[in-house]
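We did not get these values from a lab; they are worked out from the coordinates using the rules stated. On a predicted model such as this, the values are computed, not experimentally measured, just so you know. Reconstructed Cβ throughout: ideal geometry from the backbone, glycine too, with neighbour counts over all protein chains shown.
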Amino acid sequence: MNPIDIDAATPLLGGLTPATFMRRHWQKKPLLVRQAVPMAKPFVGRAELFALAAGEGVESRLIVRHGKDWSLRHGPFARRALPPLTQSQWSLLVQGMDLHLDLARDMLERFRFVPDARLDDVMVSYATDGGGVGPHFDSYDVFLLQIHGSRRWRIGRLPRPELQPDVPLKILTNFVAEQEWLLEPGDMLYLPPRWAHDGIAEGECMTCSIGFRSAGARELGRELLQRALDSDEDEAGDTIYRDPAQEATSAPGRIPEALHAFGLDAMRAWLERQGGFDLALGEVLSEPKPGVWFDAGAPLPRGCAARLDRRTRMIYDKRHVFINGEAFRAGGRDATLMRRLADRRQLDAARMASLSADALALLDQWARAGWLHADDEGGMR
């Protein structure tokens, strides 16, 4: 998989280069693109989508509107559990399509001008006439690509959003549309975080949503701290606070200045220590979504090329590579090739042959775990 040329204009972004899009629109303002991805047919059909929604390892939701009332159910859904196609105002949302379909993973590849650490997944929503999830906003960026039928989108900004009470969805009560478009197959709408939007199907339709990870500071901080603490459990030589110079005090409720400084120094040391913050951040950002699992794979044959499994998340920093929540130290030529594997998601046979014996053994472990596979260099799978 060749890297995206971030300085080349592309129909995906309405003739903008990825560099210009990120500078002008990313987290700033919406962008409507007509025929961003021209398609003769959707990359997933209705029957295949319904079959996926019946799977135990697939995240899916069914949303049905009855007048002013809404219902929400979580899958899996047998086909008979879904409303009839003739019933209006219902939607089936299937998350993580890129984990299950090669063509959905290929769709995600088009958006890798955004760092992989920020990419989340591909969701497809099927809707009958009038179907939608109500006016709402997301805390993350999203590209809404129409892949079948038509959907009317209305968008607007809400400085003080108010939610409808007593419904299972986060539906806005004070939504006011500023702009409105009808999207046909191939058309795409980009929305930054917290732009309110309401999409209504006009007839049967399917919409593909390319979403991005956007962890809150508290959530990310908790995960980083927990990982760092876990990694420190077996470390020897942990410094114990000592205060032989502590004087008697008439204000026992006051925190001693020396103890305050000790705690601050401990936090700084943890942040700076290799194997602390850096490892925790990479491990958290490369962790697959909950519920993702891998089938055991086969060892790598001699002289093969390799490609990452479509479910694998692989990123890197200056000193490490991270894959599916695990960290590995890398340096020299091996590090260069591992980074290439993360960026391109494949390595040709010639570059595989130039890896050290230790690096090849590591990739073989990943192959046995199902994280990567031998490749005929014919493309992404």
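If you find the alpha carbon centre of the range 307-381 and of the range 83-111, how far apart are they in angstrom? If we compute the Cα centre of each part, the gap is 28 Å. Projection of the Cα convex hull of the chain, averaged over all directions and equal to a quarter of that hull's surface, yields 25.3 nm².
For Pro11, the shell of other residues with beta-carbons less than 13 Å away shows a net charge of +1, using +1 for Lys and Arg and -1 for Asp and Glu. When you filter the trypsin sites (Lys or Arg not before Pro) in the range 17-65 for DSSP loop state and at most 14 other Cβ atoms inside 10 Å of their Cβ, you are left with Lys28, Arg34. Of Arg268, Arg222, Arg319, which is the most mobile in a GNM of the chain whose springs link Cα atoms less than 10 angstrom apart? Result for the chain, Cα springs under 10 Å: Arg268 fluctuates most. From helices alone, the chain scores -7500 deg cm²/dmol at 222 nm; the rule is -39500 (n - 2.57) for each run of n ≥ 4 DSSP H residues, then divide by the residue total. Quick check: Cα centre of the range 152-191 to Cα centre of the range 11-82, how many Å? After rounding, the separation between the Cα centres reads 15 Å. Which residue, Thr249, Thr86, Thr128, tops the fluctuation ranking in a GNM of the chain built on C-alpha contacts under 10 Å? Among Thr249, Thr86, Thr128, the largest GNM mean-square fluctuation belongs to Thr249. Computed over the chain with a Gaussian network model linking Cα atoms closer than 10 Å, the most mobile of Gly263, Gly55, Gly325 is Gly263. Positive-end ranking of Trp293, Pro252, Phe262 along the dipole of the range 242-295, with charges on Cβ about the Cα centre, is headed by Pro252.
Under a straight-distance cross-link criterion of Cα-Cα below 24 Å, which lysines are reachable from Lys28, leaving out those fewer than 8 residues away in the same chain? Of all the lysines, those that pass the test against Lys28 - Cα under 24 Å, at least 8 places apart if same chain - are Lys170.
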